[in-house]
Amino acid sequence: MQPIREEIGIIVKSAQEIAVMREAGRILAAVIAALVKEVRPGVTTGELDSVAVRELKKRGAVASFKGYRGFPASICTSVNEEVVHGIPGGRVLKAGDIISLDVGAMLNGFHADAAVTLGVGTISADAQKLIAATKGALEAGIAAARNGARLGDVSAAIQAYAESRNFSVVREYVGHGIGRDLHEDPQVPNFGIAGEGILLKKGMTMALEPMLNAGVWRTRLADNKWTVLTADGKLSAHFEHTIAITESVPEILTML
Ligand code: MG
């Protein structure tokens, strides 16, 4: 996630570079799968951070987020009304919570970035709907990310999917290009107009990451100056994949 700013330039990757990102993505997917198994009532978010560090190290990768612009942990754990950038620590998860696990893996100088949201124990039907809609919005965005399409097609697909299910899309934080840098151009908003924006080309690699809120789209910053909260305190969910634009369907680099 990154705050909105002007576009500069877009780096198209070679097949060799994408191969490294594919390996980073494969490692990342395995790490997230390991983390998901640890999510249960009674576990702390700090324990999840430790699991991520251990699982990344085991596979020869390092956490992309540690120290990024001063971020104090290795992963982001955002619970309930926390949208993104939750800082792992002593918080104990309880049944009924939902948690977004956002992890970045760096391998041989390239990054992969992915996130999932899941329930802790049994969660409400409303929370389940929010999670399903957010996952579906990501899938809709990926499906639109075709060679020759416009970036706005991706943004509009995500927004339409989310809003048709009566959820709102966060405006202040967006997806991004990714490669040697965790955050590269272009920015990938989760809202927009089909047919507008840059042309997508084979070799572009991007992290799509819809953040959907149960209430209003507006957010506010927590006192720790990192964690983004929904302005109305209602639930938020977040899914993310790193993808590569190909000649046909996009390749999901962070798929297990
Ligand atoms: Mg990201």
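The values are calculated or read from the model by the stated rules, or taken from the named source; none is laboratory data. Since the structure is predicted, the reported quantities are computational estimates derived from the model, not experimental observations. Cβ: placed from backbone, ideal geometry, glycine included. Neighbour counts: every protein chain shown.
Tell me, which residue of region 219-231 that is more than 15 Å from the ligand (Cβ to nearest atom) and in contact (Cβ under 8 Å) with a residue 24 or more places away in the chain is nearest to G86 (Cα to Cα)? Working first, answer last.
Start the filter on region 219-231 by keeping residues that are more than 15 Å from the ligand (Cβ to nearest atom), which leaves 219-225, 227, 229-231.
Within this subset, residues satisfying the condition of being in contact (Cβ under 8 Å) with a residue 24 or more places away in the chain are 219, 222, 224, 227, 229-230.
Numbers: T219: 13, A222: 9, N224: 9, T227: 5, L229: 9, T230: 12 Å.
Among them, the one singled out is T227.
Among the candidates S64, S74, S78, which residue alone is within 15 Å of the ligand (Cβ to nearest atom) and either charged (D, E, K, R) or within 20 Å of V169 (Cα to Cα) (or both)? Break it down into steps so the answer makes sense when it comes.
Numbers: S64 fails: either charged (D, E, K, R) or within 20 Å of V169 (Cα to Cα) (or both); S74 fails: either charged (D, E, K, R) or within 20 Å of V169 (Cα to Cα) (or both).
On inspection, the qualifying residue turns out to be S78.
Of all residues in region 88-113, count the ones that are over 17 Å from K57 (Cα atoms), of a type in the set (A, V, I, L, M, F, W, C) and within 16 Å of the ligand (Cβ to nearest atom).
1
Across region 114-134, what is the total count of residues that are of a type outside the set (A, V, I, L, M, F, W, C) and either within 16 Å of the ligand (Cβ to nearest atom) or surrounded by 19 or more Cβ atoms within 10 Å (Cβ to Cβ) (or both)?
In the first step, residues of region 114-134 are kept if they are of a type outside the set (A, V, I, L, M, F, W, C); the result is 117, 119, 121-122, 124, 126, 128-129, 134.
Next, from what is left, pick out any that are either within 16 Å of the ligand (Cβ to nearest atom) or surrounded by 19 or more Cβ atoms within 10 Å (Cβ to Cβ) (or both): 117, 134.
Total meeting the criteria: 2.
Would you check which residues across region 173-182 are within 14 Å of the ligand (Cβ to nearest atom) and surrounded by fewer than 19 Cβ atoms within 10 Å (Cβ to Cβ) and list them?
From region 173-182, those within 14 Å of the ligand (Cβ to nearest atom) are 173-179, 181-182; that's our starting set.
If the condition is that a residue be within 14 Å of the ligand (Cβ to nearest atom) and surrounded by fewer than 19 Cβ atoms within 10 Å (Cβ to Cβ), then D181 is the only one that fits.
State whether one or more residues within region 110-118 are over 20 Å from Y173 (Cα atoms) and either modelled with pLDDT under 95 or of a type outside the set (D, E, K, R) (or both).
The first filter runs over region 110-118 and keeps only residues over 20 Å from Y173 (Cα atoms), leaving 110, 118.
If we keep only those that are either modelled with pLDDT under 95 or of a type outside the set (D, E, K, R) (or both) too, we end up with 110, 118.
Yes, region 110-118 contains at least one residue that is over 20 Å from Y173 (Cα atoms) and either modelled with pLDDT under 95 or of a type outside the set (D, E, K, R) (or both).
Inside region 232-256, can you point out the residues that are in a loop (DSSP other than H, G, I, E, B) and either among the aromatic types (F, W, Y) or over 17 Å from V84 (Cα atoms) (or both)?
Listed by number, the residues that qualify are F239, I245, T246, E247, S248, V249, P250, L253, T254, M255, L256.
Give region 210-243 a look and list any residue that's touching a helix residue (DSSP H, G or I) at 6+ places or on another chain (Cβ under 6 Å), crowded, with 24+ Cβ neighbours inside 10 Å and of a type in the set (G, A, S), or say none.
Across region 210-243, the qualifying residue is only A237.
From the list I193, I198, which residue is over 18 Å from the mean Cα position of the chain (by Cα), more than 16 Å from the ligand (Cβ to nearest atom) and either closer than 19 Å to T242 by Cα or crowded, with 22+ Cβ neighbours inside 10 Å (or both)? First the steps, then the outcome.
Details: I193 fails: either closer than 19 Å to T242 by Cα or crowded, with 22+ Cβ neighbours inside 10 Å (or both).
That would be I198, the only listed residue that is over 18 Å from the mean Cα position of the chain (by Cα), more than 16 Å from the ligand (Cβ to nearest atom) and either closer than 19 Å to T242 by Cα or crowded, with 22+ Cβ neighbours inside 10 Å (or both).
All but one of (1) under 16 Å from the mean Cα position of the chain (by Cα); (2) surrounded by 19 or more Cβ atoms within 10 Å (Cβ to Cβ); (3) more than 28 Å from K57 (Cα to Cα) hold for A144; state the number of the condition that does not hold.
Result: A144 fails condition (1) only.
Mind checking whether some residue in region 203-216 is under 26 Å from P72 (Cα atoms), within 16 Å of the ligand (Cβ to nearest atom) and of a type in the set (D, E)? Don't jump to the end; show me each part of the working.
Initially, region 203-216 is screened for residues under 26 Å from P72 (Cα atoms), giving 206-213.
Next, from what is left, pick out any that are within 16 Å of the ligand (Cβ to nearest atom): 206-212.
If we keep only those that are of a type in the set (D, E) as well, we get 209.
There is at least one residue in region 203-216 that is under 26 Å from P72 (Cα atoms), within 16 Å of the ligand (Cβ to nearest atom) and of a type in the set (D, E).
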